[in-house]
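The values are calculated or read from the model by the stated rules, or taken from the named source; none is laboratory data. Bear in mind that the values here come from a model prediction, so they are computed numbers and not experimental data. Glycine gets a Cβ as well: all are built from the backbone with ideal geometry, and neighbour counts include every protein chain shown. Heavy atoms of the whole protein, side chains included, go into the accessibility calculation; ligands, DNA and RNA do not. Shrake-Rupley method; radii C 1.70, N 1.55, O 1.52, S 1.80 Å.
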Amino acid sequence: DLNRYPEASGRALRERLAELWRVSADEILLGNGSVETIGILMATFGGPRHGMPATVIHPEPTYGQYDIIASGYGLRAVPVPLGANFELDEGRVAAAIERERPALAFYPSPNSPTGNCFPHDALERLARQMDAVFVVDEAYADFAGQSIIPRVRATPDLFVMRSFSKIGFAGLRVGALIGNRDAIAE
């Protein structure tokens, strides 16, 4: 039935993914690839703050769409340099959070193009410090053998993006966002 439009909520797929990822189907939002889920997050959480465009932080170097999509939504993207070996510099990110007060952060792990995985403890600490939406983009997680999904319930502002494009299903354009069920419902 690939020639038919799918049922809008994707309930059957969300239920199967929920089993796979050990979450509830109500904690999953499906999108037309990761690009749409990034846009949904920016549209939902990236409204102006105190008359100024909201800020999005992300590592540098990383996936170029964060900057492009942020610009399309009128948000200000602020890259935060990685360390000398492309590792997460937790202190530098923490300082950027304090300085910029971002509405969103996108941290891919494994990162693209570097391939580095970032420590889950550090990502969780940064998500708690930020007190805003902190997204771990796990588009390449199937190659890493690890996922931060089990920590989503314990960290209310932590979201995880997954994609099927890297495992051979790019043409299906399916992206998934895992997060707090109340936020997913919105």
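Restricting the stretch 18-44 to residues that are free of Cβ contacts under 8 Å to residues at least 40 places away in the same chain and farther than 17 Å from R76 by Cα leaves a set whose member that is most open to solvent (accessible area, probe 1.4 Å) is E19. Given the criteria over 19 Å from D182 (Cβ atoms), modelled with pLDDT of 90 or more, of a type in the set (F, W, Y) and in a loop (DSSP other than H, G, I, E, B), does Y63 qualify? Yes, satisfied. Checked against (1) of a type in the set (D, E, K, R); (2) open to solvent by less than 70 Å² (accessible area, probe 1.4 Å); (3) without any contact (Cβ under 8 Å) to a residue 12 or more places away in the chain, R14 passes all but a single condition, namely (3). Residues that are modelled with pLDDT of 90 or more and either surrounded by fewer than 17 Cβ atoms within 10 Å (Cβ to Cβ) or part of a helix (DSSP H, G or I) (or both) within the stretch 45-55 comprise just one, F45.
For A141, the conditions (1) modelled with pLDDT under 90; (2) open to solvent by 30 Å² or more (accessible area, probe 1.4 Å) are fulfilled apart from (2).
The set of residues in the stretch 96-136 being in contact (Cβ under 8 Å) with a residue 40 or more places away in the chain and either open to solvent by less than 10 Å² (accessible area, probe 1.4 Å) or hydrophobic (A, V, I, L, M, F, W, C) (or both) consists of I97, P102, A103, L104, A105, F106, Y107, P108, N111, A132, V133, V135. All told, V136 falls short of being more than 22 Å from G33 (Cα to Cα) and touching a strand residue (DSSP E or B) at 6+ places or on another chain (Cβ under 6 Å). Here Y5 meets each of (1) open to solvent by less than 70 Å² (accessible area, probe 1.4 Å); (2) part of a loop (DSSP other than H, G, I, E, B); (3) at pLDDT below 95 with one exception, condition (1).
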